[in-house]
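Undergrad: Please find one structure pasted underneath; my questions will follow.
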Amino acid sequence: MKVAVVGLGIAGLSIAARLALAGHNVFGFEQFEPMHENGSSHGDTRIMRATPGEGEVYVQLARRAVEAWRTWEGLAGRPLIEWTSGLMAGPRGSPFVEACQRLSRKPAALLRGDAIHPLTRGYIAMPYEWDVFRQEDCGVIAADATRAFLLRQAVKWGARLAHGKRISAPIEGLTLKIDDTTMTFDAVIVAAGAWAGRMLPEFAGRLSVKRRVVGWFETDQPRMLPVICIDNEEGTFGMPAPRGYYKIGLHAIGGATEPDAVREPDARDAALLSEQAALLLPKHHAEPVRMQRCLYTVTPDEHFLIAPSAAHERVLLFSACSGHGFKYAPVFGELAEEWLSGKPSAELLSFGLARRGDVNRLGGAKS
């Protein structure tokens, strides 16, 4: 089958690689250069949680992904995940923390917030009144290394990837205008992230683009620390990063933006990040050594949206959005293959328009 994949972020790359491996004639199109930093997939690290607290469907996806990550690591010839453990935290009775505990394959008692300071040798501090659930199956994904691997691997498996190509919007069928030429396909998969609503306007009302900023914090005596995901008003999350830094982001802070006009990090962003670092990272310097912007494409219920277009049944929107998708990267290609074959899994069906009520709607920090 001749398949177009529009957008080559982490979802599009996974889809292009998997479908090429399955024997499809895959063409991938990206408006920017390889390894660009304009969308949602760039950066040195992303959080891996093998037991996510967002709902049972994500746990099933994560379990599928863990095995596939091992395969990718074998093909890449290097580790892509460093397992560090994680601290899922929030105010007493947090639904997110309770869900993490309930869904874990290795149930354990909740910790009090003030136990975290001695547990981490003074590097992480949390309020006494918080509940904390410690998960062993958390870690850090080498995000840019994963993208670079997929760019190579997709081509090895036969995908033809074209960068610096503009697809005319809107997409209304199986014929695409690519710069000044046209091509017709048997199926089109739109994995364009923040630009997906432009490509398929029927979904624009379900996809909001948000600006987010992350910052890296330095300590004089770096050590490997656990991931943190916190169910607070800011939606704070953090992870160890290269050079001994610790990276913090705010899942719930940042307004709407246009994807082609995203404001660069500024002093206000630094102040918001520093406030969280001062509370949570006692041994780190209060000012970020650097910051980076990122885009969230958010659905109203903060779940993925994978649905065929009304314009044509062989055009698919694939939006693994809302800030917590990267960990499932190896499964994205599998889900696209299920759709092409007409044999959808329960996970794929859950992210369509008809059965969104099947996905647990649990709040909390995500990454």
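Undergrad: So, in the range 263-297, exactly how many residues are among the acidic types (Asp, Glu), in contact (Cβ under 8 Å) with a residue 12 or more places away in the chain and not in a loop (DSSP other than H, G, I, E, B)?
TA: Residues flagged as among the acidic types (Asp, Glu), in contact (Cβ under 8 Å) with a residue 12 or more places away in the chain and not in a loop (DSSP other than H, G, I, E, B) within the range 263-297 amount to 1.
Undergrad: Can you work out which of the residues in the range 96-113 that are exposed (fewer than 15 other Cβ atoms within 10 Å of the Cβ) and either over 21 Å from Val66 (Cβ atoms) or of a type in the set (Gly, Ala, Ser) (or both) is modelled with the lowest pLDDT?
TA: Checked the range 96-113; the qualifying residue modelled with the lowest pLDDT is Ala108.
Undergrad: Let me ask something else about it. Just checking, how many residues over the range 290-316 are farther than 30 Å from Ala16 by Cα and either among the aromatic types (Phe, Trp, Tyr) or open to solvent by 70 Å² or more (accessible area, probe 1.4 Å) (or both)?
TA: Final tally of qualifying residues: 1.
Undergrad: Also, I was wondering about something else. Within the range 157-171, is there a residue that is of a type in the set (S, T, N, Q), without any contact (Cβ under 8 Å) to a residue 60 or more places away in the chain and open to solvent by 60 Å² or more (accessible area, probe 1.4 Å)?
TA: No.
Undergrad: From the set of residues in the range 319-332 that are closer than 25 Å to Glu172 by Cα and assigned to a loop (DSSP other than H, G, I, E, B), which is modelled with the lowest pLDDT?
TA: Looking at residues that are closer than 25 Å to Glu172 by Cα and assigned to a loop (DSSP other than H, G, I, E, B), I get Cys321.
Undergrad: If Pro242 meets every condition in (1) open to solvent by less than 30 Å² (accessible area, probe 1.4 Å); (2) touching a Ser or Thr at 6+ places or on another chain (Cβ under 8 Å) apart from one, which number is that one?
TA: (1)
Undergrad: Here are the criteria: (1) at pLDDT 95 or above; (2) over 29 Å from Gly139 (Cα atoms); (3) part of a helix (DSSP H, G or I); (4) not basic (Lys, Arg). Tell me which single one Leu316 does not satisfy.
TA: (3)
Undergrad: Within the range 14-44, count every residue that is hydroxyl-bearing (Ser, Thr, Tyr) and open to solvent by less than 10 Å² (accessible area, probe 1.4 Å).
TA: Final tally of qualifying residues: 1.
Undergrad: Something else now. Take the residues of the range 1-59 that are acidic (Asp, Glu) and in contact with a helix residue (DSSP H, G or I) (Cβ under 9 Å, 6 or more places away or on another chain): which is modelled with the lowest pLDDT?
TA: Here the answer is Glu54.
Undergrad: Among the strands (runs of 3 or more DSSP E) lying completely within the range 44-94, list those that include at least 3 residues that are over 20 Å from Leu280 (Cα atoms).
TA: Hits in the range 44-94: 81-83.
Undergrad: Right, here's the next one. Mind checking which pairs have a first residue in the range 64-83 that is more than 28 Å from Ala346 (Cβ to Cβ) and a second that is part of a strand (DSSP E or B), Cβ under 6 Å, 6 or more apart or different chains?
TA: Going by the 6 Å Cβ cut-off, the qualifying pairs are Glu82/Gly139; Glu82/Val140.
Undergrad: Okay, next question. Mind listing whichever residues of the range 268-286 are touching a strand residue (DSSP E or B) at 6+ places or on another chain (Cβ under 8 Å), open to solvent by 30 Å² or more (accessible area, probe 1.4 Å) and within 29 Å of His36 (Cβ to Cβ)?
TA: Scanning the range 268-286 gives a single hit, Leu272.
Undergrad: Continuing with the same structure: Return the residue satisfying two criteria in turn: it lies in the range 114-131 and is touching a helix residue (DSSP H, G or I) at 6+ places or on another chain (Cβ under 8 Å) and acidic (Asp, Glu), and of such residues it is surrounded by the fewest Cβ atoms within 10 Å (Cβ to Cβ).
TA: Selected residue: Glu129.
The values are calculated or read from the model by the stated rules, or taken from the named source; none is laboratory data. Keep in mind that what you see is a predicted model, and the values were worked out from it rather than measured. Positions of Cβ are generated from backbone atoms using ideal geometry, with glycine treated the same way; all protein chains shown enter the neighbour counts. Just so you know, the surface numbers come from the protein's heavy atoms only, side chains and all, with ligands and any DNA or RNA stripped out. Shrake-Rupley method; radii C 1.70, N 1.55, O 1.52, S 1.80 Å.
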